[in-house]
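The values are calculated or read from the model by the stated rules, or taken from the named source; none is laboratory data. Quick caveat, the model's predicted, so the values are computed rather than measured. Virtual Cβ from ideal backbone geometry, glycine too; neighbours counted across all protein chains shown. Ligands, DNA and RNA are excluded from the accessible area calculation, which covers all protein heavy atoms including side chains. Shrake-Rupley method; radii C 1.70, N 1.55, O 1.52, S 1.80 Å.
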Amino acid sequence: MKKEFNYSAMTIALMSVCLYSNAEEARSLPEVVVTSTLMEAPLVIETDPKVPRQPLPAHDGADFLKTIPGFSVMRKGGTDGEANFRGMGGSRLNIMVDDQNVVGGCSMRMDAPTAYIFPEIYDKLTVIKGPQTVQYSNMGSAATIKFDREPKKYEKADQSFYGSLLGGSFGRHDELIQTEFGNKQYYGEVRASNSQSNDYKDGDGNAVHSRYRRWNTHAAVGLTPDENTRIEFSASVSDGWAAYADRAMDGVKFLRENYAFKFEKKNVSTLVESLKFQASYNSIDHIMDQVTLRTRQYMMMPASARLDHFTTQAKLSGNLRLADDLLAVVGVDYSGSTHSKDSNGNNVLTDDSTFQSIGAFAELTKTLNASQKLIGGLRMNAWDAKDKRTTSSTAGQTRSENTYSGFVRSENALNDNTIGYAGYGHAERFPDYWELISMSSTAMGASAFQATKKEKTDQVDVGAVYKTDLLKLSASGFYNRIDNFILINYNGLGMMVTGVSTNIDAETTGFEVGADYQINKQWKLNSSLSYTYGRDLTNRQALAQLPPLEGRVGVKYDDEKWSYGALMRLVAAQDRYSTGYGNIAGKDLGPSTGFAIFSANVAYRMTKTSRIYAGVDNLFDATYAEFISRTGTDGMGSAVPGYVQTMRVNEPGRTFWIKASLAFD
Ligand SMILES: [Cu+2]
């Protein structure tokens, strides 16, 4: 830690605010700046992505998730970080936009799905912890993360506008508009965003190779011929570039095009409460190089590489009211994708693989009585993958396999304020593109395309939520055993091999707890704590890529016009690690030290819907890095000419920002 500070004195000062508690006048106001998000229903976290977060997220989905306890983000540069929940990254998180899976194109994982997600243009973010739903294609074994638009319903001709502007340290600026209009028969909307930043500086004042720009446009038109029917067409295009501090190349193109069709009908009959059909096409055209944003270093490597990923998806589902107390959600879904790449930077694309999956699911909710609900579901997927590489030892081979997943959970109202839950889930995961193709060449040149087994997670989830006007408490705990956990081994494989998929058996266990306490009408205290412990049972070592113990304490003052907030984020050292092992996005580099970061914010409500916010993140300009990281002094690519090389990519130093948001309804 660069700056000395008496943290315990600060904690005591924060806690002593409690002494001035005046419960009778107190009530909760919606948060103006979110620093930590609490679970308010069993396993489910819902939050409004238009409400600013602190610390200031990059203009992508991963950074945004970081304010939810249990999430951490592997930093690669200024943007495009890799989300990790309870130590689980990559495809263990099912990340969806408008009910479609988003899949990146980069074989080196420059573009996690969240790289294409601009949270503020969505209306709702939902996180479902654990393998406790089967409704979404490519079921997430660790969590399901959904960014959704919620098109308005119009009774008469109307329109609305939302816009925001942001400026911050290191030349950061964001612009965003959203306009919606419609009447009883039709509606339309346009959502667009732009975000740009220069290289940021860490707490030591050293520039980090991290500048980026992203823009995104989206439009949708919908027909609502009657109050039960909605037909919608939508299109999105986004692109950008980003410098990376943790590797030999930068992303110079991230072109995404997305077209989707949706049909929705409600109240079809007494049995069929609703029917939904959707189909979508998604393409990613990605180019990375070592010449545009830096001085070329590696003459042995191609100057650039181009990778494309095309995905089509379709889903038909229905809500069936089987009885007053029994609801079924049933459906079938399809997804097919083709990945292609050029060779030696010649910009001529050839397919390297195809993936296909057909799935069917049923999820039942049975209300036993006023205080107990049983929820359970089953999903089956038939997978096909083809290795279309020409040089692979498994060239031309296909692989067909089924995955079976299911869960059961009981939710019990223990009293008027408390809901408890306990569930068991089994999730099978077919290896993804990165595990089967880009990380499947062993040092000896053999391919792990056939050898990599599907991963099977068995997990128990328990927890409780307690809510009164003044106090909200939530606790969630889990234990899992993962057979054939796909661990990527980056050890001793030579210069040009990035990592190899291996199967091990693993177990993880952990918790997230949180408390929000309204001290009196103006003052509020919030806190959270999260931890995951995991073991690699095969190699008898710590499971790689597990974030250390993390706690947050925040205090807020809100007089309905002005609001002030302060946040302290405390992260412990991590001394459990397995050097050189990890997932498709990164590997353990060794132990990490703990840190404490202070941030503060102020907000002013100009009108009911217009606000100005300002904040300072990392107030004391500490130099620190998260445990989960990718850069290694052992590997190539972590040294960028003209920049100071650090073991891990350091987080930004003191950052000031100011934001205004304006809404007209
Ligand atoms: Cu790339």
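Things to note:
- Convex hull of alpha carbon positions in the stretch 548-665: directionally averaged projected area 10.4 nm².
- Whole-Hz ³J(HN,Hα) from phi, Karplus 6.51 cos²θ - 1.76 cosθ + 1.60, for the stretch 539-546, glycine and proline x: 8, 6, 8, 5, 6, 6, 6, 9
- Taking all protein chains together and rolling a 1.4 Å probe, Ser447 ends up with roughly 20 Å² accessible.
- Net charge, Ala219 excluded, C-beta distance under 10 Å - Lys, Arg +1, Asp, Glu -1: 0
- Virtual spin-label span in nm between His173 and Asn228, 7 Å along Cα→Cβ: 5.1
- Paramagnetic reach from Thr609 in the stretch 146-188 [backbone N under 14 Å; point 7 Å along Cα→Cβ]: 152-153, 158-164, 178-182
- Gain upon complete extension [Asp505, Ala219; 0.36 nm per residue less C-alpha separation]: 98.4 nm
- Residue-level accessible surface for Asp505, protein heavy atoms, 1.4 Å, Å²: 50
- When both the stretch 327-355 and the stretch 548-577 are represented by their alpha-carbon centers, they are found 40 Å apart.
- Here the extension length gained between Ala370 and Glu40 equals 116.9 nm, from 0.36 nm per residue of separation less the Cα-Cα distance.
- Nearest-10 value in Å² for the accessible area of Lys388, using the 1.4 Å probe: 80
- Lys/Arg +1, Asp/Glu -1 at C-beta; the chain dipole; positive extreme among Gly463, Asn198, Ile231: Asn198
- Accessible area per residue (1.4 Å probe, heavy atoms of protein chains only) ranks His339, His173, His426 as His173, His426, His339, with the largest value leading.
- Listed residues Thr312, Ile128, Thr67: farthest to the positive end of the dipole of the chain (Cβ charges): Thr67
- Between Trp562 and Lys152, the modelled label-to-label distance comes to 3.3 nm, taking each label 7 Å out from Cα in the direction of the beta carbon.
- Where labels lie 7 Å past Cα in the beta-carbon direction, separation of Val51 and Leu414 in nm: 2.5
- What a 1.4 Å probe finds exposed on the chain is 58% carbon and sulfur by accessible area, rounded to a whole percent.
- Percent of beta bridges antiparallel (DSSP, the stretch 49-150, rounded to nearest 5): 70
- Computed with a 1.4 Å probe over protein heavy atoms only, the accessible surface of the stretch 428-580 comes to 38 Å² per residue.
- In the chain, the DSSP-assigned H stretches of four residues or longer account for a calculated mean residue ellipticity at 222 nm of -500 deg cm²/dmol, using -39500 (n - 2.57) per stretch and the full residue count as denominator.
- Summed over the residues of the stretch 51-186 and divided among them, the accessible surface reaches 24 Å² per residue at a probe radius of 1.4 Å.
- Once divided by 2.2 N^0.38 Å, the Cα radius of gyration of the stretch 397-476 becomes 1.78.
- Surface per residue (accessible, 1.4 Å probe) for the stretch 206-319, Å²: 41
- Listed by chain and number, the lysines whose alpha-carbon sits under 16 Å from that of Lys472, ignoring those within fewer than 8 places in the same chain, are Lys521, Lys524, Lys556.
- Vicinal HN-Hα couplings computed from phi for the stretch 579-584 (Karplus, 6.51 cos²θ - 1.76 cosθ + 1.60; Hz; Gly/Pro x): 3, x, 10, x, 10, 4
- Extension gain (nm, one decimal) between Met647 and Val190, 0.36 nm per residue minus Cα-Cα: 160.3 nm
- A Förster radius of 60 Å combined with the Cβ-Cβ distance from Leu322 to Asn206 puts the calculated FRET efficiency at roughly 0.45.
- Point-charge dipole on Cβ atoms (K/R +1, D/E -1) for the stretch 164-267, about Cα centre, debye to 20: 180
- Using a Förster distance of 30 Å, the FRET efficiency for Ser269-Asp665 (Cβ separation, nearest 0.05): 0.30
- Positive-end extreme of charge dipole, the stretch 263-375 - chosen from Ser340, Thr270, Gln297 (charges on Cβ): Thr270
- Total charge dipole magnitude, the chain, about the Cα centre, Cβ charges on Lys, Arg, Asp, Glu only, Debye to nearest 20: 480
- Taking 19 Å as the limit for the C-alpha separation, the pairs Lys366/Lys456; Lys66/Lys129; Lys76/Lys129; Lys153/Lys276 exceed it in the case of Lys366/Lys456; Lys76/Lys129.
- Convex hull per residue volume in Å³, alpha carbons only, for the chain: 144
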